[in-house]
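Data first, discussion second: the structure below is written as structure tokens.
The values are calculated or read from the model by the stated rules, or taken from the named source; none is laboratory data. Keep in mind that what you see is a predicted model, and the values were worked out from it rather than measured. Heads up, the Cβs are rebuilt from the backbone with ideal geometry, glycines too, and the neighbour counts pull from every protein chain shown. Note: areas computed on protein heavy atoms with side chains; ligands, DNA, RNA excluded. Shrake-Rupley method; radii C 1.70, N 1.55, O 1.52, S 1.80 Å.
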Amino acid sequence: MRPIGLAVTVALMVFLAVSAFAADVPLSRVVLFSSGVGYFERNGSVDGDASVELSFRTEQINDMLKSMVLQDLSGGTIAPVTYAPQDPLEKTLSSFAIDISDNPRMADLWDRLRGTRVQVTAEQAVEGIVFGAEQQEKTVGDKVMTFDVLNLLTDKGLVEVPLWSVRSIKVLDPKVDGDLRKALDAIDKSRDAEKRPVTLSFKGQGKRDVRIGYLLETPVWKTSYRLVNEKEGLYLQGWAIVENTTDEDWTNVNLTMVSGRPISFTMDLYQPLYSERPEVAVQVQQAAKPQVFAGAVEVKVEARDEAEEAAMAPGRTGRRLGAMAAPPSPAAAPAEFGGYGGGGMGMAAAPAPPAFALSETGATSMAQGGKVGTLFRYAINQPVTVPRKRSAMIPIIGQKVDGEMVSVYNRSADAKHPMNGIKLKNTTGLHLMGGPITVFDGGVYGGDALIEDVTPGEERLLTYAMDLAVEVEPATKSAPQQLLSAKIVNGILSLTRKQRMDTVYTIKNSAEEKRSVIVEHPLRADWTLVEPKEADERTQTNYRFRVQLEPKQTSKLTVSEECPTVEVVELVSQDVKRINLLVAQPQLDPKVKASLQKLADLQAELAGLTAQRTERETRVKEIDQEQNRIRQNMRELDRTSDLYKSYVTKLTTQETEFDKLRGEIQQLRQQETDKKAAVADYVKGLNL
């Protein structure tokens, strides 16, 4: 028998031997989480050394690798889990003798086959070594055609074979031909996104119970409710909607739905990753040269303590490690969901999470509710069968609940009418996951509502239709601002005012029955509720006020709010007009008002000095302009004329006035500077 035949025979014998001890571990438990994952648990028995082969879709492998838990519950051990890795296609293709990862042209492919012996069939068969490919031009009529030519080195020399005339090409090198076929096969298999086998191996003696658990991505399970308003009260029926999108039937499985928001993420563990490594040039050492060493003049002796000597001893490192506690015995912890019991891979058994204990049973539901840590679960109390690629509705709640009929008004929802609603109290003892509610009122369809998650004992409003029998007219008005306080610190005036806003809701009940109207008023940041002193309820976005209305009655609800505002004024930069406005503020403290009045007087004096200086500077400009005009006229006149003499007299008078004004301006500027300093010193010293 040839070696290849022997290998096939041995492989077949091994496969038959493994298959003889293959174990069947059926699916027994499914836990669906509202975060989009599902826990799948298989329970069964194995005998001796056995293997279990599971199949997963390619996109499920990552979740399996991240979460799989294996347990041999009767003293056996767990061998490594084996599966086919998924190497990147480009990496696989580049490993062959001929790289076709970039989908090369035929001419480029022949360049990569240089040196390979091939047989080309064109007009005749030619055998030779690929020399390369090139482009040539040929004139056909009045056109120049470009075509690829394969150059072969044959026994007769170089032969040109136009690629357009080639009928077949055969690679004669077995290794190159085999690699080329493997590369094409790898491309074909990369399109296959079907199931991938995963082999689990258990080692031990005799018959043993085993458990396999793993997480897979699943559709988020949903809830829908029916709320019936009857004379006897409110009756709530809840349904869980689940989808089996796996490739396996859920046959008589224990099904549990868990609500909450556990963190769940995906990570690519299936795709092999390769780290980029730097290319380092080969080091070429230079020939050694003799060295001359100088003698030491001084030697420094450093003492090492015993701890340092021990740390630097052979086989040690300089980092101290804490003592590691001995792992507990595998028998010390039960092999439950999430544990590594049974000595699997030599790891200690982890403590199991709390079991899904019975809490309360709905009157007509198939579910038992209970808490699991911070989550809440509905455990179906009988086996469930859901075929693959099918969905199911499962009753989880069926019992009476507490609540009252109300009308809910929110101006942003509708400015005129409130909504018919129910103030529902969760007296089921179960966690109600958010979902749609179909309301039946008086034996007929009333409308649809929507709720978020409701914990046991919590109350929640839901609305399902417009209440046309009740009208609401809102009116909002603002009151003038009121000064609350004023203080001055280092010349900075802070004025605290109060702004008030009143909203009046006029509510008219035209029905023949009483109405309990809940008015939702927006809660605004920095605004304080004044009237009423407190709301009946407060959410993160609204106040809620309840108004009871008799039939054919109209009532008013006034909601008053106040908001403090603070104005900061830098007094030294304010003019007289602005300061007088501040002095005129009502309810201003007398001391503050007196200080501001004195500041106004100082600023008035400063303004007076500034006005005087400005007046004189204006007169100086006028004189300068007048003198320029006179001098221009004098150039055209006879010096002995009377007009010329008159201009001389006028210039003399203006020069005298000009000198006087310049002196006064200089004095006024100095007075302004002194007055500004006095104002700044006064303001800086104000602390009231």
- [ ] Would you list the P(r) distribution for segment 31-71, with all Cα-Cα distances sorted into 5 Å bins from 0 and each bin expressed as a whole %?
- [x] 5, 13, 27, 26, 16, 9, 3, 1
TODO: Write down the Kirkwood hydrodynamic radius of segment 129-277, to one decimal in angstroms, obtained as one divided by the mean of 1/r over all alpha carbon pairs.
DONE: 25.2 Å
Open item on the list: Which aspartates and glutamates, if any, have their Cα less than 17 Å from the Cα of Lys676, not counting same-chain residues under 8 positions apart?
Closed with: Glu570, Asp575, Asp601, Glu605
Task: Principal semi-axes in Å for segment 542-686 [√(5λ), Cα gyration tensor, largest first] - done: 65, 23, 10
Task: Distant-in-sequence amide H partners of Asp49 (H built 1.01 Å from N, under 5 Å) - done: Gly204
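Excluding Lys416 itself, what net charge comes from residues whose Cβ is under 11 Å from its Cβ, given Lys and Arg +1 and Asp and Glu -1?
Local net charge: -2.
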TODO: For segment 412-480, calculate the relative contact order in percent as a whole number, restricting contacts to Cα pairs under 8 Å that are 6 or more residues apart.
DONE: 42 percent
Task: Of the GluC sites (Glu not before Pro) in segment 490-576, those whose Cβ has at most 10 other Cβ within 10 Å and which sit in DSSP loop - done: Glu512, Glu513, Glu534
Open item on the list: With the alpha-carbon atoms as the only input, what is the per residue convex hull volume for segment 39-168 in Å³?
Closed with: 213 Å³
Task: Met393 accessible area, assembled protein chains, probe 1.4 Å, Å² - done: 100 Å²
Open item on the list: At 25 °C and a viscosity of 0.890 mPa s, what translational diffusion coefficient does Stokes-Einstein give for segment 500-574, taking Rh as the Kirkwood radius over Cα pairs? Give it in µm²/s as a whole number.
Closed with: 169 µm²/s
- [ ] Return the whole-Å distance between the Cα centroid of segment 64-80 and the Cα centroid of segment 485-560.
- [x] 63 Å
Open item on the list: If you take every residue apart from Gln587 with its C-beta less than 12 Å away from the C-beta of Gln587, what net charge results, scoring Lys and Arg +1 and Asp and Glu -1?
Closed with: +2
Open item on the list: If you count only protein heavy atoms with a 1.4 Å probe, what accessible area per residue comes out for segment 542-688, rounded to a whole Å²?
Closed with: 63 Å²
Task: 18 Å Cα-Cα reach of Lys423 towards lysines, excluding residues that sit fewer than 8 places from it in its own chain - done: Lys231, Lys400, Lys514
Open item on the list: Per residue of segment 418-423, what does 6.51 cos²θ - 1.76 cosθ + 1.60 with θ = phi - 60° give for ³J(HN,Hα)? Whole Hz please, x for Gly and Pro, Karplus curve as stated.
Closed with: x, 10, 5, x, 9, 8
- [ ] Kindly provide the trypsin sites (Lys or Arg not before Pro) of segment 552-625 that DSSP labels as loop, not H, G, I, E or B, and whose Cβ sees at most 16 other Cβ atoms within 10 Å.
- [x] Lys552
- [ ] With viscosity set to 1.567 mPa s and temperature to 4 °C, compute the Stokes-Einstein D of segment 434-547, Rh being the Kirkwood radius across alpha carbon pairs; µm²/s, no decimals.
- [x] 71 µm²/s
Task: segment 483-525 - accessible surface per residue (Å², probe 1.4 Å) - done: 43 Å²
TODO: Give, as a single signed number, the net charge of other residues whose beta carbon lies under 15 Å from the beta carbon of Asn633, with Lys and Arg counted +1 and Asp and Glu -1.
DONE: +2
Task: segment 631-688 - convex hull of alpha carbons, volume per residue in Å³ - done: 88 Å³
- [ ] Kindly write out, for segment 577-590 in residue order, the coupling ³J(HN,Hα) from the Karplus curve 6.51 cos²θ - 1.76 cosθ + 1.60 (θ = phi - 60°), rounded to whole Hz, with x marking Gly and Pro.
- [x] 4, 5, 5, 5, 5, 5, 5, 7, 4, x, 6, 6, 4, x
